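One structure below.
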Amino acid sequence: MQVLIQLLITGIAMGFIYALVAIEYTIIWNATGLLNFSHDKFILFGAYMFAGTYVLSLGLPPVIAVLCTIITMFLFGIVSAFVIFNPLSRLSTNLFAVIGTVILGRIITEAVRLIWGPLPFSLDGFLKGSYKIGSVVVSRSHVIIILVCTLITVSLQLFFKFTKTGKAMRCVSENKTAASLMGVNVSINIALTVGISAVICAIIGILVVPIFNVELQMSSMIGLKGFASGVIGGFGHLPGAILGGILLGVVEIFGSMIIPSVYKDCLSFILLIIFLLIKPSGLLRDRK
Amino acid sequence: MKKQNKTLIIALICIGIAAILPLFISNNYHLNLMIQVLINIIIVLGLNFITGLTGQMNLGTAGIFSMGAYTSALVATKSGVNPWICLILAAVMGIIIGVGLGYPSLRVSGVYLALTTIGFSEIVRVLMTNLTDLTGGALGVNNIPVFSIFGHEFRENKEIYYLYLVIALLLIFNAYRIVNSKWGRSFLAIKDNPEAINASGVNIAKLRIMAFTLTAVYSTIAGSLYAHYVGFMNPSAYNIEFSINYVVMLVIGGIGSVAGNIAGAILVTIVPELLRFIENYYWLVFSIITLLFVIFLPNGMLSLFNKKKSMKK
Amino acid sequence: MENNKESKTILELKNVTKRFAGLVAVKDLSLKMKERTIHSLIGPNGAGKSTVINMITGLLPLTDGEIYHRDTKISGMKAYQIAQTRCSRTFQNLKLYRSMTVKENIMTGMMMDMHQGFLPFMFDFKKARQEDKAMNEKADLILKFIGLQELSNEYPANMPYGKQKLTELARSLMLEPSLLFLDEPAAGLNPSERVEFVDIIMKVFESGIDIFLIEHNMDVIMNISDDITVINFGSKIAEGTPEQIQEDPLVIEAYLGDRYKKEHGKGGRKCLK
């Protein structure tokens with residue numbers, strides 16, 4: 001029983017990570033109609049910046065390092081929105097946007113490799129340790145992941161519902177032309193969205209530092225599974241993204257009890273295909 | 001008609017150059033590079049069908065290519081079947097992948113193909129690495145036999161080059177025929193305006209799946225050619241970066257046109273060798289150039305020469 | 001026009017309703033279109049005209065009701081299947097293929113009548129060449145019919161709007177439709193282009209194709225229609241010949257306005273001839 005609960009918590013924690021990934025690209029998708037294929041590289045960049053520069057090189061305490069990472073990534077998001085996302089969203093077909101973001105991902109990876117080197121490293125002692133509740137042992141990083149993710153999800157919802165900027169962003173996602181006619185500056189909105197998305201990516205990157213080593217391939221699987229959970233929950237739908245992510249995380253962790261764990265990654269792909277075949281609109285979304 | 005003659009003349013000149021070039025090259029390394037160019041041309045031509053014409057992103061070239069290569073290599077090494085039959089089996093594998101992966105991903109409109117192909121690629125890599133009994137795991141498959149015609153084995157690089165040149169020319173010709181036929185036009189129509197082609201009584205989903213199947217067949221054939229040429233296969237190189245390289249070739253050369261595809265494949269394969277001196281920065285520089293291409297010259301290099309087809313939004 | 005009453009129904013809408021998340025765009029609409037007629041659907045902006053045409057051609061699913069093309073139930077079919085029952089259409093906002101020439105644009109219109117698979121095209125079989133030739137000939141014929149032969153190698157973006165509209169019409173004719181839907185064909189055209197377009201529509205009609213028309217321009221409508229259905233806020237408010245419609249008090253109030261009646265005496269296709 002304890003094992004089951006422990007597994008469930010691990011699954012939910014991983015699920016929340018996938019859900020965050022899904023949220024992070026969904027808000028860009030809603031704002032620009034582009035799918036950010038470089039999002040896993042954003043995560044990678046965030047993790048390297050946090051672990052490599054702010055903690056290891058500059059020796060900042062984790063809290064300040066987290067803040068610095070968030071600010072830097074926000075700026076990075078804004079800049080890449082103006083330089084890349086805005087021009088791409090104006091091109092005639094979506095295809096070039098896909099290609100453009102894929103290439104952007106390649107650029108980030110190369111930059112990361114050149115700046116921090118190709119060798120993997122890890123951050124000792126960061127979010128390590130575990131809590132014991134009754135007879136259930138829960139790792140500290142998993143608890144933090146669940147807490148932080150819930151916090152982000154809730155505050156994003158509040159942001160979109162109650163602040164003026166958030167409302168304007170929802171307008172842009174509904175109808176770009178109408179929003180710009182109503183006096184919403186679409187470019188700045190897109191930039192803000194990409195900035196927020198980059199911040200979420202950075203947080204994901206920081207959260208997975210204790211789980212994986214910091215290396216160039218650390219985030220590619222997370223990125224892919226985030227996509228899968230978006231499709232499972234309903235593309236472009238925030239609550240669906242969260243549900244899909246958690247479902248994927250739990251299925252994966254219990255699935256790996258049945259099949260050898262090296263094939264664990266295949267499960268998300270199989271789930272993705274099943275959903276595309278049976279219910280391409282996802283769990284929570286009606287067909288338009 | 002005049003335009004066709006001009007195309008024919010240019011094509012013949014290019015074939016002539018391709019045919020006599022090896023006579024002046026004795027360096028084995030350069031010959032290897034040229035064979036690699038031929039294989040890349042085949043892959044990019046294939047990618048052009050789904051990505052260049054119908055506008056659906058395929059990021060699974062690595063997976064499809066290695067499925068082709070492994071199919072060919074495993075059948076050849078385990079059962080000793082003639083490599084030519086293995087090549088055909090690889091093409092059949094392409095059809096299976098094309099329909100099997102295309103059906104769930106392309107039935108509904110959206111960017112799903114990009115997602116499923118990335119996933120497929122990763123799964124293939126995981127399976128190739130871990131199904132040790134079948135694929136030899138990370139060590140891979142060794143001693144893959146070479147092609148032979150009437151008992152003559154193609155072992156020398158020069159011989160392989162000419163053999164593959166013939167195959168590549170056949171495939172280029174086929175691609176040219178398809179791109180400039182009703183098929184190419186309707187693929188392109190799907191990218192330009194799916195609703196309109198739908199209203200003309202065309203089943204978009206079916207057409208997209210057909211285009212993707214063509215892509216897969218071209219890639220698996222290229223995989224098979226590659227396997228029988230290098231003689232060994234291991235899964236390590238076939239990751240997403242591998243797939244992106246071909247997208248880069250497609251964009252740099254020119255989306256949608258056969259000549260552009262060929263130019264892109266040649267350029268992106270050869271230029272790294274010329275730019276050896278920037279070594280570490282090579283991919284960074286090249287990626288930035290590609291990104292600039294996507295933003296400022298989305299129809300590739302060839303659109304510089306082909307001013308008439310200005311396609312602004 | 002009276003003798004047309006006994007002729008067959010080519011298109012029938014039965015209680016068609018469309019809801020968009022709470023908003024009722026089309027409400028309980030029924031209409032019958034007779035064979036060998038030009039039938040117009042008119043109404044003020046936002047009355048749901050384009051929604052109706054999009055539902056008939058399968059771009060939008062129906063919320064309720066049924067649509068028949070001759071004896072085939074086409075509601076619930078996919079857009080391409082409906083097109084295969086020989087219904088073709090043009091679009092209000094042009095949907096041409098930017099990267100293709102006029103002729104190539106037109107040739108995609110007959111894709112479904114071309115049955116050769118990939119293999120002939122790959123290996124240059126005789127069949128593929130024959131098919132290619134047939135396709136080219138048909139495209140040339142229609143280009144000539146529409147009067148676009150000089151522009152066949154031009155790209156749509158380089159042509160005036162009127163010619164682009166004609167290109168789209170030509171593409172829809174490649175399907176050899178028995179029923180043709182025109183979504184605001186005269187919108188955005190200057191007066192001389194409009195006259196040209198009306199002539200071509202009449203030519204198309206006389207070649208044996210029945211036409212269902214959505215139009216804003218009253219001159220066009222009254223001159224060429226046999227029957228008119230008027231809708232407002234998604235419901236039918238009147239139906240009949242142009243003469244009847246022009247005198248219908250409801251229509252005048254909702255749509256035409258008093259001024260219209262004073263300026264235009266009698267309508268109907270007879271006047272044009």
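Some observations on this one:
- Ranked for footprinting exposure by Cβ neighbours inside 10 Å, fewest first, A:C171, C:C87 give A:C171, C:C87.
- Whether the protein assembly as shown is rounded, prolate or oblate, judged on the alpha carbon gyration tensor where a/c under 1.5 counts as rounded: oblate
- Relative contact order of chain C, pairs being alpha-carbon contacts under 8 Å that are 6 or more residues apart, as %: 24 percent
- With the cut-off at under 13 Å, measuring from each backbone N in segment C:191-225 to a point 7 Å along the Cα-to-Cβ line of C:R36 picks out C:206-210.
- Helix C:126-146 and the long axis of chain C differ in direction by around 40°, with both axes built from C-alpha atoms.
- Relative to the longest principal axis of the Cα atoms of chain C, helix C:161-173 runs at roughly 80 degrees.
- Karplus 3J(HN,Hα) series, Hz, for segment A:164-178 with 6.51 cos²θ - 1.76 cosθ + 1.60 (x for Gly, Pro): 5, 4, x, 4, 4, 5, 5, 4, 4, 5, 6, 7, 4, 5, 4
- Choice from B:Y226, B:Y282, B:Y238 with maximal GNM fluctuation in chain B (Cα, 10 Å cutoff): B:Y282
- Interchain or long-range residues, amide H under 5 Å from B:M57's placed H: B:A114
- Nearby aspartates and glutamates by direct alpha-carbon distance to C:K73 (threshold 16 angstrom, same-chain neighbours under 8 apart not counted): C:E12, C:D64
- Chain B: most fluctuating residue of B:G223, B:G46, B:G119 per GNM, C-alpha cutoff 10 Å: B:G119
- Annotation: the residues B:T132, B:T116, sorted from fewest to most other C-beta atoms within 10 Å of their own C-beta, follow the order B:T132, B:T116.
- Gaussian network model of chain B, Cα within-10 Å springs - most flexible of B:S236, B:S26, B:S121: B:S26
- Residues A:L67 and A:L147, FRET efficiency given R0 of 25 Å [Cβ-Cβ distance, rounded to 0.05]: 0.90
- Angle in degrees between helix C:191-206 and the longest Cα principal axis of chain C, rounded to the nearest 10: 80 degrees
- Here is what passes the span test in chain B: the DSSP H helices with alpha carbon length of 30 Å or more along the helix axis and a Kyte-Doolittle mean of -1.0 or above are B:83-106, B:157-179, B:204-230.
- Spacing of the two label points (7 Å from each Cα toward its C-beta) at C:T85 and A:Q217, in nm: 5.5 nm
- Part-to-part distance (alpha-carbon centres) for segment B:172-195 and segment A:1-55, which is given in Å: 39 Å
- Other-chain or far-sequence residues with amide H under 5 Å of C:S75's (modelled H): C:I67
- Each residue of segment C:43-60 is assigned a 3J(HN,Hα), and the resulting list reads x, x, 3, x, 7, x, 5, 5, 4, 4, 5, 5, 6, 4, 8, x, 6, 10 Hz, derived from the Karplus form 6.51 cos²θ - 1.76 cosθ + 1.60 (θ = phi - 60°), x at Gly and Pro.
- Amide H contacts for A:S130 (H built 1.01 Å from N in the peptide plane; partners 5 or more residues away or on another chain; cut-off under 5 Å): A:R140.
- An oblate overall shape is assigned to segment B:23-134, the ratio a/c of its alpha-carbon gyration tensor axes (a ≥ b ≥ c) being 1.5 or greater and a/b not exceeding b/c.
- For segment A:273-284, Karplus couplings with θ = phi - 60° (6.51, -1.76, 1.60), whole Hz, Gly/Pro x: 5, 4, 5, 5, 6, 8, 9, x, 7, x, 5, 9
- Calculated mean residue ellipticity, 222 nm, chain B: -23500 deg cm²/dmol, from DSSP H runs (n ≥ 4) at -39500 (n - 2.57) each, averaged per residue and rounded to 500.
- Whether segment B:215-313 is rounded, prolate or oblate, judged on the alpha carbon gyration tensor where a/c under 1.5 counts as rounded: oblate
- Pairs of Cα atoms nearer than 8 Å and 6+ residues apart set the relative contact order; for chain B it is 32 percent.
- DSSP-loop trypsin sites (Lys or Arg not before Pro) across segment C:3-70, with at most 10 other Cβ within 10 angstrom: C:K8
- Distance violations [Cα-Cα > 30 Å] among C:K133/C:K163; A:K41/B:K78; B:K206/C:K165; B:K158/C:K133: A:K41/B:K78; B:K158/C:K133
Here, each number is a calculation from the coordinates, and none is a lab measurement. Just so we're clear, the structure is a prediction, and the values are computed from it rather than from any experiment. All Cβ positions, glycine included, derive from the backbone under ideal geometry; neighbour counts span all protein chains shown.
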